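In what follows, a single structure is set out as structure tokens and then discussed.
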Amino acid sequence: MENYDPRYLAGILLFNEGAFFEAHEVWEDLWLDTGGEAKRFYQGLIQAAVCLVHLCNRNYSGAARLYQSAQNYMRAYGRHFLGLDIEDFWRQMEATCKPYLESERPPAQEPETYPQIRLNPEPSVWPDPEPFLPPES
């Protein structure tokens, strides 16, 4: 059974709720405390979340840069890492982002669906994300 960092899990919950900026904030705190092989993986997740922030704000050039950078960071981890099916995650990211990032005339409406992160194995307990969010200024 995987022993997941609660910040990783809190970020996943936020990401899956569409709170991409907040997920990025939580994962960034984890990334700063991480060394070793997981550091670049977290950086890829952070950049994927910020890609979606830019996409939602219709900043397609920023989204495209972060999409590519995030994918490059995560490519090194193969198919699975820390319970995440990386190939499935990027299939979902592509389905969400491609119509906006590879079109001369992106759709006017927001994407109908956004990626959802599932872990295998599932954690036995999911944390409340609130304590991991930075204090509001």
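Bear in mind that the values in this text are calculations on the coordinates, not laboratory data. In this text the structure is predicted, and so the values were computed from the model without any measurement. When we count neighbours, we look across all protein chains shown, and the Cβ atoms used for this are built from the backbone with ideal geometry, even at glycine.
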Q: Would you kindly derive the ³J(HN,Hα) couplings of the stretch 5-13 from the backbone phi angles with the Karplus curve 6.51 cos²θ - 1.76 cosθ + 1.60 (θ = phi - 60°), listing them in order in whole Hz, with x for Gly and Pro?
A: 5, x, 5, 4, 5, 4, x, 4, 4
Q: Sort Lys39, Lys98 so the one with the fewest other Cβ atoms within 10 Å of its own Cβ comes first.
A: Lys98, Lys39
Q: Give the long-range amide H neighbours of Leu119: residues separated by 5 or more places, or on another chain, with amide H under 5 Å away, using H modelled in the peptide plane at 1.01 Å from N.
A: none
Q | Estimated [θ] at 222 nm from DSSP helical runs (n ≥ 4, -39500 (n - 2.57)) normalised by residues in the chain, nearest 500 | A | -18000 deg cm²/dmol
Q. Using alpha carbon centroids, what distance separates the stretch 27-99 and the stretch 102-137, in Å?
A. 11
**Q.** Amide H within-cut-off set for His80, under 5 Å, with H built and near neighbours excluded
**A.** Ile86
Q) What net charge do the residues around Gln92 carry, taking every other residue with its C-beta under 14 Å from that of Gln92, with Lys and Arg at +1 and Asp and Glu at -1? A) -2
